[in-house]
1. Average projected area of the Cα convex hull of region 66-190, in nm²?
2. In whole Hz, with x marking every Gly and Pro, tabulate ³J(HN,Hα) for region 87-92 from phi via Karplus 6.51 cos²θ - 1.76 cosθ + 1.60, θ = phi - 60°.
3. Among 85, 71, 148, whose mean-square fluctuation peaks in a Gaussian network model of the chain (Cα, cutoff 10 Å)?
4. Across region 124-137, in residue order, what do the Karplus-derived ³J(HN,Hα) couplings come to in whole Hz, using 6.51 cos²θ - 1.76 cosθ + 1.60 with θ = phi - 60° and x for Gly and Pro?
5. With just the Cα atoms defining each centre, how far is region 153-169 from region 53-82? Give it in Å.
6. Among all the lysines, which ones have a C-alpha under 23 Å from residue 152's C-alpha, if same-chain residues fewer than 8 places away are not counted?
7. Suppose the chain between residue 56 and residue 106 were pulled fully straight at 0.36 nm per residue; how much longer would it get relative to their current alpha carbon spacing?
8. Quick check for me: using +1 on Lys/Arg Cβ and -1 on Asp/Glu Cβ, what's the dipole size of region 39-190 about its Cα centre, in debye to the nearest 20?
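Coordinate-derived values only; no laboratory data. Source: prediction; values computed, not measured. Ideal geometry is used to build each Cβ from the backbone, glycine not excepted, and the neighbour counts take in all protein chains shown.
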Amino acid sequence: MNVNEDWIKYHQLTKNRAPSPLLKEALNFVKDKNSALDLGAGALVDSKFLLSTGFKKVTAVDFVSFEAINDLRFIFIKSSFNDYDFPDRKFDLINANFALPFNDPKNFDSVWEKMINSLVVGGIFSGQLLGVNDSWASNLSMTFHTKDQIEKLIEGVEIIKLEEIDRDGSMAVGDTKHWHIFPLILRKIR
């Protein structure tokens, strides 16, 4: 099975999941609903949810296409995060539900900077980063952080939520793994 087939299988398994609880929490801090970006949109569950909450435009970015949403407010862009042309100061909300760790470590910082610059002042970021204790941390094509590295990464934004979860749990496919997760809700302040 190739990487795209693995992701398509994962999207099939998760297409009926509930919207991200972290995203739901982050919506409490969103001032305007002009435009949202759903990075690593997968099965488009969170994209559909964002449309249902009244966003005027939702852009979904993923390197594997799943299915279309028949809504004029929705745009799907097939792209890696590294190749995506992040517009400056456009999005009121950026959601990256368990997506950013799959970005290559060589270009993670550049993608992070472009992503944060893509938020309007007052815009909200919602997503998770994975820590160095995660059982996937030996995967050199993924990005993992220590808490100190995350604190340095998020300097210059307002921290609404920064937690650390370090425990065993299950994956969508049913397998168990050790999770080291940093759920984040951030506000761009300048």
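1. Value for region 66-190: 8.6 nm².
2. Values, residue by residue: x, 6, 6, 10, 9, 7 Hz.
3. With Cα springs under 10 Å in the chain, the top fluctuation among 85, 71, 148 is at 148.
4. 10, 10, 9, x, 10, 10, 9, x, 5, 8, 5, 5, 8, 4
5. Using only Cα atoms, the two centres lie 26 Å from each other.
6. Straight-distance partners of residue 152: 106, 114, 161, 188.
7. 14.6 nm
8. In total the dipole reaches around 540 debye.
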